[in-house]
Amino acid sequence: MARHLFVCTNTRASGKPACGLRGGELLVAAVQRVLLERGTPDVLVTPCACLGPCFDGPNAVVYPDAVWYGGLTATDAERLVDHLVDGVVLAERQIDRPGS
Ligand code: FES
C-alpha cells in the first residue's frame, strides 16, 4: 500500500509550542534520509502546517491509515518508515486523532 506521512513543521502557533520549533524539520529530514537509503519509491513524506494537537508535537499523521503520532523525534525516523513500508504502527508514539 502506498502511504503518505505528513509531518507538522509549523513554526507559529499562538501561545503553543509549535512542532517546527520542536524538531519537526529535523524529523522530515531524517525520514527522507531513511527513505533514500532504503529506496522506497511508493511512500512519501511531506512537511505540513499545523495539524491541531500542538502541545504533543512534533506531530504527524500517516494516510490512508489515519494513524496519528505525537512527541516524535528524529530518532523515530526508521520506525516511521517501517510504518510507511510495512504498516507497522509505532504504538508508543501513537496519539488519538484530534476531535475523536
Ligand atoms: S504546531 Fe504542530 S500540530 Fe500545531
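The values are calculated or read from the model by the stated rules, or taken from the named source; none is laboratory data. Bear in mind the structure is a predicted one, so any value in this text is a computation, not a measurement. Note that each Cβ is placed from the backbone with ideal geometry, even for glycine, and that neighbours are counted across all protein chains shown. Just the protein is used for accessible areas: all its heavy atoms, side chains included, with ligands, DNA and RNA removed. Shrake-Rupley method; radii C 1.70, N 1.55, O 1.52, S 1.80 Å.
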Requested in this report: Please tell me if Val45 is touching a helix residue (DSSP H, G or I) at 6+ places or on another chain (Cβ under 7 Å), closer than 22 Å to His83 by Cα, of a type outside the set (Gly, Ala, Ser) and away from the ligand (no atom under 11 Å from the Cβ).
Outcome: yes
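Any idea which residue in the stretch 9-31 is nearest to the ligand (Cβ to nearest atom), counting only those that are in contact with a strand residue (DSSP E or B) (Cβ under 6 Å, 6 or more places away or on another chain) and outside any loop (DSSP other than H, G, I, E, B)?
Cys19
So for the stretch 66-86 (the condition being touching a Cys at 6+ places or on another chain (Cβ under 7 Å) and not polar (S, T, N, Q)), does at least one residue qualify? Spell out the reasoning first.
Initial filter on the stretch 66-86 (touching a Cys at 6+ places or on another chain (Cβ under 7 Å)): none.
No; the residues of the stretch 66-86 include none that is touching a Cys at 6+ places or on another chain (Cβ under 7 Å) and not polar (S, T, N, Q).
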Query raised in the report: Do you know which residues across the stretch 45-100 are touching a Ser or Thr at 6+ places or on another chain (Cβ under 9 Å), open to solvent by 50 Å² or more (accessible area, probe 1.4 Å) and part of a loop (DSSP other than H, G, I, E, B)?
Result: Ala49
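Among the residues that make up the stretch 3-13, is at least one of them open to solvent by 50 Å² or more (accessible area, probe 1.4 Å) and within 10 Å of the chain's Cα centre (by Cα)?
yes
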